[in-house]
1. What number of residues within region 214-234 are among the β-branched types (V, I, T) and either over 20 Å from V180 (Cα atoms) or out of contact with any strand residue (DSSP E or B) (no Cβ under 7 Å at 6 or more places or on another chain) (or both)?
2. Of the conditions (1) under 26 Å from the mean Cα position of the chain (by Cα); (2) of a type in the set (S, T, Y); (3) open to solvent by less than 50 Å² (accessible area, probe 1.4 Å), T226 fails just one. Which one is it?
3. Do we have any residue at all in region 121-140 that's aromatic (F, W, Y), within 24 Å of V68 (Cβ to Cβ) and either touching a residue at least 40 places away in the same chain (Cβ under 8 Å) or not in a helix (DSSP H, G or I) (or both)?
4. Test G351 against the stated conditions and say whether it is assigned to a loop (DSSP other than H, G, I, E, B) and farther than 27 Å from Y279 by Cα.
5. Can you name the strands (runs of 3 or more DSSP E) wholly within region 1-107 that have at least 2 residues being open to solvent by less than 50 Å² (accessible area, probe 1.4 Å), aliphatic (A, V, I, L, M) and without any contact (Cβ under 8 Å) to a residue 40 or more places away in the chain?
6. If you check I183 against the conditions, is it crowded, with 17+ Cβ neighbours inside 10 Å, in a strand (DSSP E or B) and among the β-branched types (V, I, T)?
7. Scan region 27-53 residue by residue and report those that are touching an Asp or Glu at 6+ places or on another chain (Cβ under 9 Å) and modelled with pLDDT of 75 or more.
8. Looking at region 321-343 only, could you name the residues that are open to solvent by 60 Å² or more (accessible area, probe 1.4 Å), closer than 21 Å to T280 by Cα and part of a strand (DSSP E or B)?
Amino acid sequence: MGISYYFMDKTHKQVGPLSLDELKQQGIMRETPVWHEGMPNWVQAKDIPELHECITPPKPQISVVQIVLILYATLGTILFLLAGRFVSAFVASWFDIYPYVPGIIILIIGVLGIIFSLFYKKRKYLLNTTLIVLPFLLSSLFSIFYYGILNHAYCFRYDRCIIEKRSGVGVMDKFGLEIVPYIYDNIAPNSYWSPAYYRATYNNQKGILALDGTEIIPCIYDDVDTWLTTDNFMVKSGKLKGLYTPRGKVIVPCEYTKISRWRETSLLHVKMDDQEGLYTLEGEEILPCQFIICKELNGISLINRGGFSKDGKVQNGVWGAINKKGKIIIPCKYNDIIPYAGSERIEADGGYIKDIYDFNGNYLRSEYKW
């Protein structure tokens with residue numbers, strides 16, 4: 001006859017005698033008190049080897065704290081994944097660093113927290129610690145992936161960061177929001193430490209953008225650069241040049257082969273092949289680009305219309321004169337004009353008659369040549 005077993009149920013009531021097979025059906029636990037004949041005292045079921053197969057594995061129990069932490073980890077992960085890259089951008093803007101660096105720092109701190117729970121006799125808190133840091137870890141990984149692998153983000157400067165995406169290059173602000181659309185081939189600030197605008201390239205054509213993304217000069221030119229020591233921009237399209245103000249207003253349209261300061265005045269000298277003209281710095285055309293501007297004497301310059309330059313000399317055409325302001329003071333209708341500085345008079349050859357002017361362009365009289 002087999003051994004008869006007794007055990008204490010949850011109400012501390014003795015149950016038995018039972019055979020081993022009957023005991024298996026009772027669902028005893030590891031800590032259930034068990035006794036059989038020949039034993040001096042009651043012991044726990046786990047201490048009797050032949051009863052191990054009768055023991056029902058304990059059901060995992062989840063505490064209220066763990067339920068709260070699981071809900072937190074689930075909702076927090078969703079929220080942090082949505083907001084993580086924006087938070088990383090905001091933190092990075094405070095320290096002028098790359099936007100994926102905050103993610104790396106948070107990731108390291110979270111991993112160290114888990115390691116601390118694992119190795120410093122805090123293993124019972126390992127699950128709780130993991131649940132607490134999980135949203136931070138996942139959002140940090142996403143920020144690192146977004147700014148360091150999926151896209152290429154540069155260092156923040158003045159609350160702005162240039163980003164290279166598959167769609168193109170653009171600029172985001174300190175909140176991770178788009179300022180300049182991600183459509184350009186390249187974007188670079190004019191200054192690393194105190195930028196005032198961006199140089200942009202789109203389809204290999206260059207232009208200028210304001211820091212807020214506003215287009216100052218459209219990306220339709222072969223080259224754009226500052227002009228002389230001014231804040232104005234010189235644009236080039238092939239052999240043609242033009243001039244813009246810092247706010248994007250056209251001073252000189254891009255249709256001339258040369259643009260320069262006219263002598264020691266504030267006027268702009270433009271040239272197209274042999275034809276020359278004058279503009280003000282505000283963009284007003286003073287002298288159409290239809291003349292050849294020649295030497296200056298006593299504040300006036302001779303101009304020729306309809307002629308051409310050969311071996312440094314102007315041939316054919318008709319002659320006139322302009323003052324330092326670019327205004328025509330002697331009309332272009334004469335065969336030749338000869339200024340006499342000593343007598344302060346200008347002789348304009350009109351064929352049979354020569355007209356006499358002073359150096360201010362005032363008509364004095366006419367004289368027959370014969």
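1. 4
2. With (1) under 26 Å from the mean Cα position of the chain (by Cα); (2) of a type in the set (S, T, Y); (3) open to solvent by less than 50 Å² (accessible area, probe 1.4 Å) applied to T226, the lone miss is (3).
3. First, the residues of region 121-140 that are aromatic (F, W, Y): 125, 136.
In the following step, the residues that additionally are within 24 Å of V68 (Cβ to Cβ) were identified as 125, 136.
When the remaining residues are screened for being either touching a residue at least 40 places away in the same chain (Cβ under 8 Å) or not in a helix (DSSP H, G or I) (or both), the result is 136.
Checking region 121-140: at least one residue is aromatic (F, W, Y), within 24 Å of V68 (Cβ to Cβ) and either touching a residue at least 40 places away in the same chain (Cβ under 8 Å) or not in a helix (DSSP H, G or I) (or both).
4. In short, yes.
5. On the way: elements: 5-8, 14-18, 33-36.
Ranges flagged: 14-18.
6. Judged against the criteria, I183 is not a match.
7. T32, V34, Q44, K46
8. I328 - this is the single residue of region 321-343 that is open to solvent by 60 Å² or more (accessible area, probe 1.4 Å), closer than 21 Å to T280 by Cα and part of a strand (DSSP E or B).
The values are calculated or read from the model by the stated rules, or taken from the named source; none is laboratory data. Quantities reported herein were computed from a predicted structural model and do not represent experimental measurements. As a convention, Cβ positions derive from the backbone with ideal geometry for all residues, glycine included, and neighbour counts pool all protein chains shown. Heavy atoms of the whole protein, side chains included, go into the accessibility calculation; ligands, DNA and RNA do not. Shrake-Rupley method; radii C 1.70, N 1.55, O 1.52, S 1.80 Å.
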